[in-house]
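What follows is a short report on a single structure.
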Amino acid sequence: MNDRFSLTGRNAIITGSTRGIGLAMAKGFLEAGAAVTICSRKQEGVDQALTELKEHGDRVFGKTVHVGKRDSLEELLAASRERFGTVHIVVNNAGTNVYSGPIIDSPDSAWDKTMEVNLKGPYLLSKLAAKQMVDGGSIINVSSIAGLIALDQQGIYSISKAALLMLTKTMARELGRQKIRVNAICPGLIKTKLSEAIWADPKVEKHVTSQKALGRIGETDELTGAAIYLASDASSFTTGAVLQVDGGMVI
Ligand code: NAP
């Protein structure tokens, strides 16, 4: 691997990394040499993921967190710092999609929950972590193609992911002189628990894959290369960028 893609000596926190896209990124970051703090709400999920990653020994650490809660994020950052030292890379990957349907019929709670996890979480963790990143760093926000176009029945999710893109651009502008780069990845449909309602229904799956230039759903490890690029020196002149990794869906 080209040295500029190496993450050796870097400490990364990846939220929502006990399954799906986040777990695949954790594996990729560990293989690229980083020390990685994985986290999600459930201890059982953290334990399972740590077992899956055990070949990486003491370069991986796990903790429970709720990304919508400041106290919980502060505890996560402190625990990660105690274990590995200052954080260099944050991937705001944890996300949720609790409601499918028109906005006018949505319960207020769907708005609150979606914004708490998809938007307030990255807002809180990014600002807390940026204060630690005195030698620079990389923040990566996992948005969605739903943040680029108004997806049918996914209005609240789309709004949260579009706002996350503006958080990315705004923080990139504000933090650039501190050598902190802030970028976003917009995945298309990837086979995970979050998207199960889509890929498990053959009719819906056919409809979605027909819109993709590559004509198929993505696998979790197909976002990892983009994340390593944005986390590493390979992207040293890239900030405020939005990288679509969607199999050619929104083109
Ligand atoms: P997933 O398989 O459902 O995994 C989500 C992860 O986030 C889990 O580890 C989950 O663990 C954790 N999590 C959920 N709520 C949390 C919270 N409040 N605090 C901390 N951790 C939390 O989802 P995924 O598909 O990999 O999604 C990852 C990201 O990609 C999300 O931001 C999603 O919006 C985005 N995305 C996914 C797709 C897709 O097709 N899959 C497409 C575009 C964008 P616990 O439940 O134990 O907390």
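The numbers here are math on the coordinates, done by the rules we state, and not lab data. Quantities reported herein were computed from a predicted structural model and do not represent experimental measurements. Don't worry about glycine lacking a Cβ; one is built from the backbone with ideal geometry, like all the others, and counts go over all protein chains shown.
Taking the stated definitions as given, is residue 114 of a type outside the set (Asp, Glu) and in contact (Cβ under 8 Å) with a residue 60 or more places away in the chain?
Details: of a type outside the set (Asp, Glu): yes; in contact (Cβ under 8 Å) with a residue 60 or more places away in the chain: no.
Considered against the rule, which asks whether it is of a type outside the set (Asp, Glu) and in contact (Cβ under 8 Å) with a residue 60 or more places away in the chain, residue 114 comes out as no.
The helices (runs of 4 or more DSSP H) found entirely in the range 185-249 that carry 2 or more residues being over 13 Å from the mean Cα position of the chain (by Cα) and within 20 Å of residue 157 (Cα to Cα) are 196-199, 202-210.
Somewhere in the range 45-56, is a residue assigned to a strand (DSSP E or B) and away from the ligand (no atom under 16 Å from the Cβ)?
no
Among residues of the range 209-231 that are within 16 Å of residue 4 (Cα to Cα), those with a beta-carbon under 6 Å from a residue that is of a type outside the set (A, V, I, L, M, F, W, C) at least six positions away or on a different chain give the pairs 224/28; 228/28; 229/235; 230/183; 231/138.
Of all the residues in the range 142-174, those that are without any contact (Cβ under 8 Å) to a residue 60 or more places away in the chain, surrounded by 21 or more Cβ atoms within 10 Å (Cβ to Cβ) and under 17 Å from residue 237 (Cα atoms) number 1.
Here's the yes/no breakdown for (1) of a type in the set (A, V, I, L, M, F, W, C); (2) within 28 Å of residue 101 (Cβ to Cβ):
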site: 147; (1), (2): no, yes
site: 155; (1), (2): no, yes
site: 172; (1), (2): yes, no
site: 175; (1), (2): yes, no
site: 201; (1), (2): no, yes
site: 204; (1), (2): yes, yes
site: 218; (1), (2): no, yes
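Any idea how many residues of the range 1-44 are part of a helix (DSSP H, G or I) and either in contact with a Gly (Cβ under 6 Å, 6 or more places away or on another chain) or not hydrophobic (A, V, I, L, M, F, W, C) (or both)?
Taking the range 1-44 first, the residues part of a helix (DSSP H, G or I) are 3-5, 20-31, 43-44.
Still in the list and also either in contact with a Gly (Cβ under 6 Å, 6 or more places away or on another chain) or not hydrophobic (A, V, I, L, M, F, W, C) (or both): 3-4, 20, 22, 27-28, 31, 43-44.
Here the count works out to 9.
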